[in-house]
Amino acid sequence: HSGPVLIYLTNPEKNLFLSMIIGGEQALSIYYARNDIKPPRPMTHDLISKLIDTLNYHVDYIKITGMKEDTYYAAIYLRGGGKTLVLDARPSDAIALALRQGAAIYSNADLLKTYESHSDDIDDLQQFTIKELGITVQKMSSRIQEIFTETRGLIIAEIKENSLAEKSELEAGDILTGINGYPTASIADLKAIIDAVLGEDIVFDVVRNGQEMSVTLDGS
């Protein structure tokens, strides 16, 4: 996939996450590293990781340090020979290297969000969890809406382990555009539809990597 890709960094134990949009090439590199896939020829991040090893350094950890004008910033912390080097980097490059080097991934606390919202007004909710299905969704930010200009919906932020949703083909990062033929442009739409269809088979219309698809979930 050569277009923009939405990725999530999550801390399930503390119920925190950070989402960002990265380029397709960087997303593919992260996917390969996370799934231990070896390409026929070394990718750029493979080469950089090998170079770091050759210089007797290693990536100690990386950190998402901040965001300016909807752009995230990161730093790579290298250690070797009793020295520590700090390199400015794009978060996508830093994550790709951290995965190859087995390094920890950190973020400034003020960049992290929680899955639960404490608002009592459904129109003000930024996230909403369908506990019966094990799905948490969130509103599309203005930045994401600029990327997916022709898509209106909600982002699936998390799928709980051992839930009904986990048994389906839904994935975190999917954009939920409809349920059983009804559009889900807002959390209010979603809540109204879910209340009516729980207990039945549910068809989720989603967009994944720019492709429309439908996923059926046994809601019984």
Some residue of region 53-67 being modelled with pLDDT under 95, under 20 Å from the mean Cα position of the chain (by Cα) and either outside any strand (DSSP E or B) or assigned by TED's automatic domain parsing to the domain that holds GLU200 (or both): no
Residues located in region 68-89, provided they are under 20 Å from THR10 (Cβ atoms) and either in contact (Cβ under 8 Å) with a residue 40 or more places away in the chain or not assigned by TED's automatic domain parsing to the domain that holds GLU25 (or both): TYR72
Test set (1) at pLDDT 85 or above; (2) within 21 Å of TYR8 (Cα to Cα); (3) among the hydroxyl-bearing types (Ser, Thr, Tyr) - SER214 fails condition number: (2)
In region 163-211, the residues that are among the hydroxyl-bearing types (Ser, Thr, Tyr) and either outside the structural domain of GLY134 (by TED's automatic domain parsing) or part of a loop (DSSP other than H, G, I, E, B) (or both): SER163, SER168, THR184, SER186
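The values are calculated or read from the model by the stated rules, or taken from the named source; none is laboratory data. If you're wondering where the values come from, they're calculated on a predicted model, not measured in any experiment. Note: ideal-geometry Cβ built from the backbone for every residue, glycine included; neighbour counts use all protein chains shown.
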